[in-house]
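Below is one structure; the comments refer to it alone.
Bear in mind these aren't lab numbers, they're just calculated from the coordinates by the rules spelled out. Please read all numbers here as calculations on a predicted model, not as lab measurements. Neighbour counts are summed over all protein chains in view; Cβ atoms, including those assigned to glycine, are modelled from backbone coordinates with ideal geometry.
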């Protein structure tokens, strides 16, 4: 597990969202669709193979989709944990690739009320991000509250200018009330996430390459986006709105010789995409997902040096439709159940651990029929006898699926000394297909993809071996980790081609149309292997100076199903290239005069060209290598009496304003169906950005302690 500190997250707060803050952690990357949409990938696996959790409770919000990010307020996150590799034992079958566990601030000491007022500004897209947080503790009754708001214009780079459809407006709130007692603790959390996000499509004027926008339903001719709109905070009429409401409880209760950990949660995800110019109030996509999660585990000492954990977790989901015109996945019910156990034993310098789990997942998909009387605005048919109604067609057949399978792990750590240790682990993972992979049949406007599922899929099974060596010396810290992951029945998306072998374009109804808005993709299964490693060296010849270096390698290969694999299918999609990060940082905790905890750094990130890509049907293309220069400084400003007045963090990314495209950016493939010869297609990443973060502390004594 990699622990990501609050200091790290403060320094990178200008990244725009919490997943982007973590994307430079070795072994972690992010698939992005602009500055506020990012999904985590760990060692080449993402989407429904990585669980993103908050305080240990998984976030559920249609994570099969591309065009929306993780629904969490970055201002409410204090630090994070990243588990690389199968974490299915603790988090369930969707953690076959790993876990990103986002943690809110710990409770404060008794008799204290404290908080912060935080402001962030980013120069590239005019980002404004403000947040107020307060926490208190009176007699073991603890509470906390956070309210945040952020907004940004379309981002810009030297190649594209301002990129239409990338502005956003987000509002967030959180409250917590709980108890800290001798018997343990129990906290009740409630959160609100509300994001309005423009939808980029990359369409351009054929002569000037200026961005254009849709203004009519027929979409036969588009108008060039005015400069005043490109430079505006106003969210366009065609946009997506993503809301997530959550209520959950986390408890840790002393029980006998151990501790009972109980996490219960409810969340309601409402995702809409408004895609009709003539009826901007009518969503195209309108999905409503309710999720109930449960997680109970008991940690105890078995005696003779054995520590054990037994538990069970899972979830119940109900997915439905609101009023809309696009239906990419069916309404369904899902139930997960997974008991597990873990045993740990220490024998001198050797630490051993072993565990096993057995998961079951049941899907019940509902039949759905579409009324196409109005071809422009089809709707869900809810009447009787749909098969005999004119202009009514079946979108989804009823589906009943049940999956089950085991997973397990065996690990060992040998501590040669306090300075050097070796780790090794072998683990298996199980993942059932997602609802989209099984039964998708429809357009997703924000992703520009018409999805087609396959109800015959088998579950994925993985076997991963990893080994690591870790060295900690007074002036040198180093680590090396390598892994190999074999996956049976690996599921990925592949374009559907027409009779001429060209990628098929379709309209919103799935009908072939060379000028259609959507590329048609289906899901397929194969054997796969992902291998690589992470390497770190931090040289600190002086207490105040660090020279940190890291290298991340990930290779994803399609092994096929027995027959020879064509060169265009040889590599897996969304595999990050070789990435190195070098950072020279000076730190002066005592500071100078009123300035304390000072730091200054400069950093160079190198991304190799990605010439090992999923090339079939032009799904992915070659990505050139690039180098990005960054820098930053910060510290605290103190009063004459030693009281902290405020903290300041300044970070510059892409300092040389490099024009580049990341292979992990979906915007790389957003453009007109036909691009002029000699023009690099797609949208480029953000240009130079300088972010300024100011944190003003708030400190109070509780009322009962005043004058004490």
- How high is the FRET efficiency from residue 646 to residue 281, r the C-beta distance, R0 30 Å, rounded to 0.05? 0.10
- Find, to one decimal place in angstroms, the Kirkwood hydrodynamic radius of the stretch 396-439, where the mean of 1/r is taken over every pair of different Cα atoms and then inverted. 14.4 Å
- Return the whole-Å distance between the Cα centroid of the stretch 312-363 and the Cα centroid of the stretch 257-311. 10 Å
- Message: Suppose we take every Cα in the stretch 79-174 and form the convex hull; what volume per residue is that in Å³?
- Response: 159 Å³
- Query: Based only on the alpha carbon positions, what is the Kirkwood hydrodynamic radius of the stretch 291-405, in angstrom?
  - Reply: 18.0 Å
- Query: Given a Förster distance of 51 angstrom, what is the FRET efficiency for residue 347 paired with residue 701, based on the Cβ-Cβ distance and rounded to 0.05?
  - Reply: 0.55
- Note on the structure: Here the gain from full extension of residue 8 to residue 218, 0.36 nm per residue of separation minus their alpha-carbon distance, amounts to 70.7 nm
- Cα-projected label distance for residue 183 with residue 1, points at 7 Å along beta-carbon direction, nm: 2.6 nm
- Item | Residue exposure sequence - 302, 1, 686, 638 - by fewest surrounding Cβ within 10 Å | 1, 302, 638, 686
- Query: Sorted from fewest to most neighbouring beta carbons within 10 Å, what does the list 450, 306 look like?
  - Reply: 306, 450
- Item | Rounded if a/c under 1.5, otherwise prolate or oblate - the stretch 1-80, Cα gyration tensor axes | rounded
- Label the stretch 504-577 by shape, choosing from rounded, prolate and oblate, from the square roots a ≥ b ≥ c of the eigenvalues of the Cα gyration tensor; if a/c is under 1.5 it is rounded, and otherwise prolate applies when a/b is larger than b/c, oblate when it is not. oblate
- Task: Can you grab the distance from the C-alpha centre of the stretch 155-193 to the C-alpha centre of the stretch 394-416, Å, no decimals?
- Result: 29 Å
- Note on the structure: The exposure ranking of 385, 444, 172, fewest beta-carbon neighbours within 10 Å first, is 385, 172, 444
- Note on the structure: Once normalised by the length of the stretch 2-705, the mean sequence separation of its alpha carbon contacts under 8 Å that are 6 or more apart gives a contact order in percent of 11 percent
- Task: Evaluate the stretch 623-708: find the radius of gyration of its Cα atoms, find its Kirkwood radius, and give the ratio Rg to Rh.
- Result: 1.32
- Query: Is it possible to state the helix-based mean residue ellipticity at 222 nm for the chain, with each DSSP H run of 4+ residues giving -39500 (n - 2.57), the sum divided by total residues, to the nearest 500 deg cm²/dmol? What is it?
  - Reply: -500 deg cm²/dmol
- Query: With the radius of gyration and the Kirkwood radius both derived from the Cα set of the chain, what is their ratio Rg to Rh?
  - Reply: 0.96
- Based on the Cβ-Cβ distance of residue 622 and residue 677, what FRET efficiency does E = 1/(1 + (r/R0)^6) give at R0 = 22 Å, to the nearest 0.05? 0.85
- Item | Point-to-point label distance, residue 132-residue 375, nm (Cα→Cβ direction, 7 Å offset) | 5.5 nm
- Query: Once you put a point 7 Å from the Cα of residue 608 and another 7 Å from the Cα of residue 455, both along the Cβ direction, what distance in nm separates them?
  - Reply: 4.4 nm
- Rotationally averaged projected area of the stretch 546-697 (alpha carbon convex hull; nm²): 12.8 nm²
- The distance between the Cα centres of the stretch 618-684 and the stretch 556-576, in whole Å, is 30 Å
